[in-house]
Amino acid sequence: MTDMNWNYKYAFDSDEVKERIAWFRTKASSNKSDRLSIEPYENEICISNSVVNTKLLSFVKSLPIPKIPEMDDGVLVQIADLKEMVGQVKSIGEEVVRLLLSDSELRMSGATHDYPVYTVHTVQSQKSTKIEQERSTICFKEMLLISCRLASEVAPSSTELRFYPGGASQIYATGSNVSVRCLLTAVKQ
């Protein structure tokens, strides 16, 4: 596909998406190698290959495209292995996760219990600034998991966790054709 306009926005029912994917796998001989075509239109996405086609219809027309600005005055750390981090987050037995960033490491624990503590392997980024004081934030475990999984699909080796004043944090990843910025929390501590 060339010169495709992806500046559309959609709202899909998750059950319908699962149903369409299951139908497509059944009807399209999914165990055969066949190029998949995905074409965006104003209120629908058409999916087809050489055998069958289907479409997903947005149930809200003309959705506004959300603008998620990059916040100012933050510090960032590059996550070395996002899949390892996902495994560690899953092991935390609380709904809320505490993230602590110092100049030397990123640590995670439950919000109410400090142990066990999981250390996340990080890479010093060229854009990183020296962390003067420890940064701390809390976020929902499920939101952290979803954000990490999404970022790992986009760019597993160049994902950044960004901390901002007031306790806000974002996971940011950019691949060759897409980028993702997930706001984890904006809780003051």
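The values are calculated or read from the model by the stated rules, or taken from the named source; none is laboratory data. A quick note: this is a predicted structure, and the numbers were derived from the prediction, not measured. Don't worry about glycine lacking a Cβ; one is built from the backbone with ideal geometry, like all the others, and counts go over all protein chains shown. Areas reflect the complete protein model, heavy atoms only, side chains present, ligands, DNA and RNA absent. Shrake-Rupley method; radii C 1.70, N 1.55, O 1.52, S 1.80 Å.
Tabulated data
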{"quantity": "Single residue of Asp81, Asp103 found to be at pLDDT below 90, within 20 Å of Cys182 (Cα to Cα) and open to solvent by 30 Å² or more (accessible area, probe 1.4 Å)", "calculated": "Asp81"}
{"quantity": "Residue tally, condition modelled with pLDDT under 80, closer than 18 Å to Asp81 by Cα and surrounded by 15 or more Cβ atoms within 10 Å (Cβ to Cβ), over the stretch 157-189", "calculated": "1"}
{"quantity": "Selection count, the stretch 149-181, where residues are part of a strand (DSSP E or B) and touching a Leu at 6+ places or on another chain (Cβ under 9 Å)", "calculated": "11"}
{"quantity": "Cross-chain or 6+ apart pairs with Cβ under 7 Å, the stretch 106-118 first and within 14 Å of Lys141 (Cβ to Cβ), then open to solvent by 50 Å² or more (accessible area, probe 1.4 Å) and of a type in the set (A, V, I, L, M)", "calculated": "Ser109/Val117"}
{"quantity": "Residue in the stretch 138-152 that is touching a Phe, Trp or Tyr at 6+ places or on another chain (Cβ under 9 Å), in contact (Cβ under 8 Å) with a residue 12 or more places away in the chain and open to solvent by 10 Å² or more (accessible area, probe 1.4 Å) present", "calculated": "no"}
{"quantity": "Among (1) modelled with pLDDT of 85 or more; (2) open to solvent by 40 Å² or more (accessible area, probe 1.4 Å), the one test that Tyr115 misses", "calculated": "(1)"}
